[in-house]
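The values are calculated or read from the model by the stated rules, or taken from the named source; none is laboratory data. Here the structure is a predicted model, which means the values were calculated and not measured. Cβ placement follows ideal geometry from the backbone for every residue including glycine, while neighbour counts extend to all protein chains displayed. Just the protein is used for accessible areas: all its heavy atoms, side chains included, with ligands, DNA and RNA removed. Shrake-Rupley method; radii C 1.70, N 1.55, O 1.52, S 1.80 Å.
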Amino acid sequence: SVGNEFALVGLRNGVSCVNVTNPSTPFEEFFLSDIYSIWRDIKTYGNYAYVTTESDAGLLIIDLTDMTGNTFWHVTDFINPTTGATLHWEAAHDLFIDENGIVYIFGASNPAGFPTPANGAIFLDVATNPINPTHLGQWNGQYIHDAMVRGDTMYAGCINAGELFVVDVSNKNNPSTLGTHSTPNAFTHNAWVSDDGNYVFTTDEKPYAYLAAYDISDINNIQEVDRIQSNPGSGTIPHNVHVDGNFLITSYYRDGTTVHDITHPNNMIQVAHYDSYSGAGNGFDGCWGTYPFLPSGLIISSEINSSSNQSAKLMIYERGFVQAC
């Protein structure tokens, strides 16, 4: 719908589409029931939403032109148009979709009895046929927990290695690592590049962990330039960070949604936060994910703790206004 905005929320038992056009009166457009999982990630391209889960549901594709939620597909087999070979995978931790309609699948796996797919990054084309993605290649240098891509470069949080990996993905058949750097707490959850491409910011999903900033202008000599904790000494755990202009928007489990000014990346300053969870310290409660890229400027954050299995608290923010629903 032209001019309308929606929040796609991953729940334990499916996907909820919430109309947030009027942030003071959001409402659920549809709920799509799906396999149970405590991990679910959602990205969009064109009129379609693509959903991964670590349960064995494959890639869920939802047609968003049907606001009943009744038009969707589960895909587990992906054919390489050049070789004709079929890649099969049924679970994945995360995904990202770039500006060219390439889907990057992270942490893929299969049930026993199937070959093991790449658990680094699998590259799928959805621009050509949105409901029949094709397999273009993969990178398997490390297990990737989460990553983002801009242009021909992937910025990956390789959580088990405890490192940021920067990878050239211009050739999907032969991607190559450009540079790496360890992160402060050696459990690299996610990474996001600055708008000018000169800096990368990471989170480590550990108690007492830091947001960290790196100068990557010389990819052969990546340098950490700053690190910062939200609510220092509390033990709170950062989850995902996003760059929105001169600001970092981060989901912190028990510390809510935080905003850091990165006008000077070597001197990050926390300028705002909103905490949806009353507890504090170390624990996987509270803010799960934050999305700051709606055209209106709204920020939407999902909150783990709720009164039922299906419902989840969705936080909707704008400057000078906070609404919980």
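Select from the stretch 26-57 the residues that are farther than 22 Å from I102 by Cα and assigned to a strand (DSSP E or B) and write down the one among them that is most open to solvent (accessible area, probe 1.4 Å). Residue satisfying both the conditions and the ranking: F27.
Pick from T76, T65: which is more than 16 Å from N132 (Cα to Cα) and either more than 17 Å from the chain's Cα centre (by Cα) or modelled with pLDDT of 95 or more (or both)? If you could, list the steps in order and put the result at the bottom.
Values: T76 fails: more than 16 Å from N132 (Cα to Cα).
Result: T65 is the single residue among T76, T65 that is more than 16 Å from N132 (Cα to Cα) and either more than 17 Å from the chain's Cα centre (by Cα) or modelled with pLDDT of 95 or more (or both).
Being under 24 Å from S276 (Cβ atoms), open to solvent by less than 40 Å² (accessible area, probe 1.4 Å) and at pLDDT 95 or above: is that true of F247 here? Taking the combined requirement at face value, the residue does not satisfy it.
Please go through the stretch 209-220 and give me each residue that is touching a residue at least 40 places away in the same chain (Cβ under 8 Å) and either surrounded by fewer than 24 Cβ atoms within 10 Å (Cβ to Cβ) or more than 17 Å from S251 (Cα to Cα) (or both), ordered by number. Spell out the reasoning first.
The first filter runs over the stretch 209-220 and keeps only residues touching a residue at least 40 places away in the same chain (Cβ under 8 Å), leaving 211, 213-216, 219-220.
Listed by number, the residues that qualify are Y214, D215, I216, I219, N220.
The one condition from (1) of a type outside the set (V, I, T); (2) open to solvent by less than 30 Å² (accessible area, probe 1.4 Å); (3) out of contact with any Phe, Trp or Tyr (no Cβ under 9 Å at 6 or more places or on another chain) that L60 does not meet is (3).
Considering only the stretch 128-139, I want to know if a residue exists there that is under 21 Å from N160 (Cα atoms) and not β-branched (V, I, T).
The initial filter retains those residues of the stretch 128-139 that are under 21 Å from N160 (Cα atoms), namely 138-139.
So of that shortlist, the ones also not β-branched (V, I, T) come out as 138-139.
Looking through the stretch 128-139, at least one residue is under 21 Å from N160 (Cα atoms) and not β-branched (V, I, T).
The single residue among S176, S170 that is out of contact with any strand residue (DSSP E or B) (no Cβ under 7 Å at 6 or more places or on another chain) and either more than 22 Å from P265 (Cα to Cα) or aliphatic (A, V, I, L, M) (or both) turns out to be S170. Against the list (1) in contact (Cβ under 8 Å) with a residue 24 or more places away in the chain; (2) under 30 Å from A191 (Cβ atoms), the condition I35 fails is (1). In this structure, H74 does not qualify as touching a residue at least 24 places away in the same chain (Cβ under 8 Å) and within 23 Å of Y45 (Cα to Cα).
For the stretch 288-297, a residue qualifies if it is open to solvent by less than 40 Å² (accessible area, probe 1.4 Å) and either under 20 Å from Y277 (Cα atoms) or in contact with a His (Cβ under 8 Å, 6 or more places away or on another chain) (or both), and the qualifying residues are G289, T290, P292.
Of the residues making up the stretch 256-273, those that are crowded, with 18+ Cβ neighbours inside 10 Å and outside any strand (DSSP E or B) are I262, P265, M268. Residue under question is A156, and the condition is that it be modelled with pLDDT of 95 or more, under 30 Å from T71 (Cβ atoms) and of a type in the set (G, A, S); does it hold? So A156 does not fit the description; no. The strands (runs of 3 or more DSSP E) found wholly in the stretch 87-183 and carrying at least 3 residues that are open to solvent by 50 Å² or more (accessible area, probe 1.4 Å) occupy 176-182. The set of residues in the stretch 206-255 being among the aliphatic types (A, V, I, L, M), over 16 Å from G289 (Cα atoms) and assigned to a strand (DSSP E or B) consists of A212, A213, V225, I228. In the stretch 65-75, of all residues being in a loop (DSSP other than H, G, I, E, B) and open to solvent by 40 Å² or more (accessible area, probe 1.4 Å), the one that is farthest from N13 (Cα to Cα) corresponds to T65.
Name the one entry in S276, S234 that is surrounded by fewer than 23 Cβ atoms within 10 Å (Cβ to Cβ), without any contact (Cβ under 8 Å) to a residue 60 or more places away in the chain, of a type outside the set (A, V, I, L, M) and closer than 28 Å to C158 by Cβ.
That would be S234, the only listed residue that is surrounded by fewer than 23 Cβ atoms within 10 Å (Cβ to Cβ), without any contact (Cβ under 8 Å) to a residue 60 or more places away in the chain, of a type outside the set (A, V, I, L, M) and closer than 28 Å to C158 by Cβ.
Screening H242 with (1) of a type outside the set (G, A, S); (2) within 20 Å of G286 (Cα to Cα); (3) more than 14 Å from the chain's Cα centre (by Cα) gives one miss only, at (3).
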